[in-house]
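Structure, as structure tokens:
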Amino acid sequence: MSTKTISANVMMQSVQRATATLQAVPVETDPNLGPRIITTDVRQWMARLRLLETVPFAYLVPDALLLPTESIRFFYIDRAWTDALVQGALSVGTVSSADRAQLEQLYPQLRDELDEEERLVRQPLLEAVQQGPAGPITGFVMRSRAISGWPGVHVRAYKSDSAADNAVLPESDPNRLKLLRLERLAPAVLLALFDGVPAVVHVEEPRQGIQFGVRLTESTPNNFSASVFARDRNTSTDVPGFPTMPVSFRAGAPGVIDFRRTAETFRTTPSTNMGPTMESAEYALQMLRFPYRQVFGDPNAAPPPMNTVFRPTISMAVLKADMSAVLR
Amino acid sequence: MPTLGHFVLHSSAVPPLTAGDYVLEGDQQVAGGATAPYEGHLRITSPRYRLPADQLLSTFPPANSEGAFEAKLPQVVLRRRTLPWERAVDPFDRGVPWLALVLIAEGEGQLSAEVPVAQCVTPGVVLTGGNDVATGVYLGVSQTVVDKVFPTKADLALLAHVREVDIDDTELAMGDDDGFMAVIMANRLPQFDRANCAPVRYLACLINLEGQLDVLPPPSQPFTSVFQGNLIVQDLRASQVTFGQQADIQAMGTGLVQANAPLVTQVTRRTDARTAAPVAAAPSALTAPTQSARPASGASSAKASQWTYTAQQVESAVAAAPTDAARVARDVMSRDWRVGIDFAVLEKTFRFPVLAYWSFACTGAGSFETLLQGLDVGLLGTLPADPAAAARPECQPVNAGSAPPPPPPSRPDPEGTETGHIGLDYLSRRGESLRAWYRGPCTPQPIERDEPGTTPTLAHTSDQLRRVVPDGREDLSLASAFEIGRLLALSQPSIVSGLMRWRQEAFGAARAAELAALALKDVTTAPPAAGIADLGHLLGRELVLKAAADPTRVLASSRPLADAGRPLKYVTGDLDEVIAMGFGFDAAVVRKRADTVGVLAALGEQAVPLAKGGGFDKAAQTSLKATLNDTVATITADTLKTTPRPVSIAAPIRGRRAAPKAGKDDTIERDALDDLLDARTTRTERP
């Protein structure tokens, strides 16, 4: 009977062989995704990290001038950056060189699992679970009083503008892009991430039942005028071309509408098809205000020139000249 | 019935009869003459001073809400469709509703505490007919506010309409029972306070116009298409502050109240124990907790600190008395309209019964539409186009002189490259102040995830991700991402432990398996037999089998069954000679006789030599016998594996033997050994 000592050499060999032949052994089975090689709590946390949760805002927008007040900034997500984020988090779990060698073996599959997990972070009720390999992520960050004053705005992104203006497609619609994250980072700052590159983005006023109101415009500082879109009383729909009708106010009283005078304006606008008298139902029809929906992107028009949406201080040509001078 | 998601608008729902008492008279002419005349009494009721709670379906803006409501008309939805037309406010036009929703900003009016309904209308006005409640709340406003804010008579009919919805449409029906509901709009858009850049609280009151229709402003008012947003209709709060200090106003206020002396005495009844702090603290003369007819002193004693209201006060009040939560909330909503208007203005004031009220705050300027259309749209990395064309401020400051506002502190534009990188100050590890490039996760250009054609690589430290750009600066984008990810993971102990556990289970198990395979490479083991549950059982079984197969090696050498005897050194020569010599006879004689008569007969013929008499005396003989007996007893005791002492051990032996002896003494013949044993046992009984 020969005895065998487990020497450091044997130890080393075993680590090498284990690393070389390491098979990703599923540790859990996700109800949606199937077997996974990393535990659910870690996987979900890392997927949320991928969507930039808890990442300090200064790392997203490094200079305040990049996001001035009353602005919206669209962007692509740099996946190399979010991968580095996850690698940093994974480095916490490795202690020895052997761990690192093995983690390298598992990393490609781990990355794919996190790609799929990203779509499970935000699961709205009654929406189908979406799966598939990871694509590009885009999004926008918006800083406006519209975010602080209207909590709960609706944001939708579409691949094309085929849907009607007032339609709402479910997230599983092939024309719609899944919203991966929608969060107010500050009272007036909204961050949205989309699963893909949208052609059209809708930002809609939160719905709060049926409302009456006007379209208020500030002509000169502190001087306001108001108007409403004309509606045809026979069809209850907007008059084509969206003609507007001015709203009259009582002199000396800010915001107090002169209903009688305004009604007379409505009545005398021909496209509304009002009769000789004006009734309150007809008046209410003109004053009905549906949630306003701002549409970003017009697929029918040519894409705007790059310099209208992106104005860097150092252009690529300058950068190239600078660096080639150094290299030479 | 409208379909789901649709609704139908009707102008009015006028009931044939208004609220009031009616007499139903009837007579009938039949063949036998007229019957006795019938007289029935009929009362049609309708709310007058207070809206029943179930009649209020919804309000917009929601009660106690905050938001930028500048472009929205407040509205209230009532359950019964005929409610706005159930009282005839204009005897010639039933289409004029008797209800109106008026919007009163802070300081423009006064919302009273509960008073008898007779005092809820302007003094001099008398409403006949039955009342629904005994006490009500009224809105006190000055002539100025009525003229500027209240709807005209011509407006009234346009402000109320009926909405018909599908009763199954939960969003639109809001719990209505018949699908028809009355809607009353306000005529005023709430405005943000642009003069002070402050939110404005508004009180929306559903008021009763009965008997006071002529108070409303005349229909032909001067109008404008552009209004100034920073105008103020009227603000009584300033006069309220000086109310208790200026003698003449105080005097006039006192005089006014004394003229209305019954009012005060009625009000003191209200300030009972049930009144919560917000009401009691309101410095209105009407709620001043004084029994005397000197309300002015009560009002002046109200401290400004009691005015200040905090959310905690309400929360604690509601928590202390949950059943009073609705009342406390109503008190809170009306707290900004407690200024006693009768003392504060010198013009005519009016009172309107308030059926329902709520308050909200307009906290922002502009509308959603204007804000979104004014957005600066661009890709991240774009700098503001022109600092001068910055977004408009929420409100214009008060114009003080002709000096332009000070320019914002200037700062050099950040270095932003077309690739999306930003130049940032960077303090290196050596302490040098450098510039480095940084690009966050949000980039203006699409970025390739990996180098094309490569597998994803894994960095283990952030230094692996530092890049040096040809211009000599470092690109720290990915390195800082790595560090942030590491720090975020470290900040979550559950994630750290989760990662460590996963590492042990996934990596450690693989390593252990390989190590075992290498270490046991040369060891061949028999396949485990069926029924072996685990390694412990397998090892135990193998050990036993191996030990049994080769016990000498596994355990030790065995002991021989018997030990060899010692050699007898005094025995020399022929054995027969030695024996014969020992017994004292001649071996040769015996051999000779044995040839003829046999060995036994020859031995029998030999005379045995005896010891000479006198060799033993009597004492020696006794001593020898005793010694012999003792030796025999010792040997017997050894044979029985017992010791002569003590007795307690010998007792079971006797007992064991006693049982068979009792039955077998008669059948088995006793021999010498039995005697010996008996002697032994009896002896041991004697100590």
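Rule-based calculations on the coordinates, nothing more; no lab input. Note that the structure is a prediction, hence the values are computed from the model and not measured. For neighbour counting, all protein chains shown are included, and Cβ atoms are generated from backbone atoms with ideal geometry for every residue, glycine included.
Some values worked out for this structure:
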{"item": "Proxy reagent accessibility, fewest Cβ within 10 Å first, across A:F57, A:F74, A:F242", "result": "A:F242, A:F57, A:F74"}
{"item": "P(r) histogram, all alpha-carbon pairs of segment B:550-604 included - 10 Å bins from 0, percent", "result": "19, 28, 16, 14, 11, 11, 1"}
{"item": "Once the Cα gyration tensor of segment B:103-241 is diagonalised, semi-axes √(5λ) in Å", "result": "28, 23, 17"}
{"item": "Calculated diffusion of segment A:185-272, Stokes-Einstein form, Kirkwood radius summed over Cα pairs, 10 °C and 1.306 mPa s, µm²/s", "result": "97"}
{"item": "Nonlocal amide H pairs with B:C442, under 5 Å, H built at 1.01 Å", "result": "A:D78"}
{"item": "Cα-centre dipole for segment A:140-231 with unit charges at Cβ (Lys and Arg positive, Asp and Glu negative), debye to 20", "result": "140"}
{"item": "Note, ³J(HN,Hα) from phi for segment B:368-379, Karplus 6.51, -1.76, 1.60, rounded to Hz, x at Gly and Pro", "result": "4, 5, 5, 5, 6, 6, x, 5, 8, 9, x, 8"}
{"item": "Percent of C-alpha pairs per 5 Å bin, segment A:57-158, short to long", "result": "2, 8, 14, 17, 16, 15, 12, 7, 4, 3, 0"}
{"item": "Candidate aspartates and glutamates for bridging to B:K348, where Cα separation is under 17 Å - those fewer than 8 sequence places away on the same chain excluded", "result": "B:E108, B:D147, B:D214, B:D235"}
{"item": "Cα gyration tensor shape for segment B:158-216, rounded if a/c is under 1.5, else prolate or oblate", "result": "oblate"}
{"item": "Candidates per trypsin sites (Lys or Arg not before Pro) in segment B:441-492, loop by DSSP, up to 12 other Cβ within 10 Å", "result": "none"}
{"item": "Order of A:H202, A:H154, B:H421 - criterion: other Cβ atoms within 10 Å of each residue's Cβ, fewest first", "result": "A:H154, A:H202, B:H421"}
{"item": "Cβ-defined net charge surrounding A:D30, 10 Å radius [Lys, Arg +1; Asp, Glu -1]", "result": "-2"}
{"item": "Taking B:Y138, B:Y38, B:Y570 and counting other C-beta atoms within 10 Å, the order from fewest to most", "result": "B:Y570, B:Y38, B:Y138"}
{"item": "Net charge dipole size for segment B:73-188 [Lys, Arg +1 and Asp, Glu -1 on Cβ; Debye, nearest 20]", "result": "520"}
{"item": "Debye intensity ratio I(q)/I(0), log10, segment A:11-112, q values 0.20 Å⁻¹ (C-alpha model)", "result": "-1.10"}
{"item": "Within 10 Å of each Cβ in A:289-297, the average number of Cβ atoms from other chains", "result": "3"}
{"item": "Amide H within-cut-off set for B:E415, under 5 Å, with H built and near neighbours excluded", "result": "B:G423"}
{"item": "Reachable aspartates and glutamates from A:K320, criterion Cα separation under 13 angstrom, eight or more residues apart if same chain", "result": "B:E418, B:D471"}
{"item": "Distance histogram for chain A (every C-alpha pair counted, 20 angstrom bins, percent rounded to whole numbers)", "result": "22, 42, 25, 9, 2, 0"}
{"item": "Whole-angstrom Cα spans of segment A:113-246 along principal axes, big to small", "result": "57, 37, 25"}
{"item": "Compactness index (Cα Rg / 2.2 N^0.38 Å), segment A:102-189", "result": "1.35"}
{"item": "Most mobile of A:F224, A:F290, A:F75 in a GNM of chain A (Cα contacts under 10 Å)", "result": "A:F224"}
{"item": "Other protein chain Cβ atoms within 10 Å, averaged over every residue that makes up B:6-15", "result": "3"}
{"item": "Using alpha carbons only: equivalent-ellipsoid semi-axes of segment A:208-317, gyration tensor based, whole Å", "result": "37, 20, 12"}
{"item": "Label-point separation in nm, B:S623 to A:I314, each point 7 Å along Cα→Cβ", "result": "13.0"}
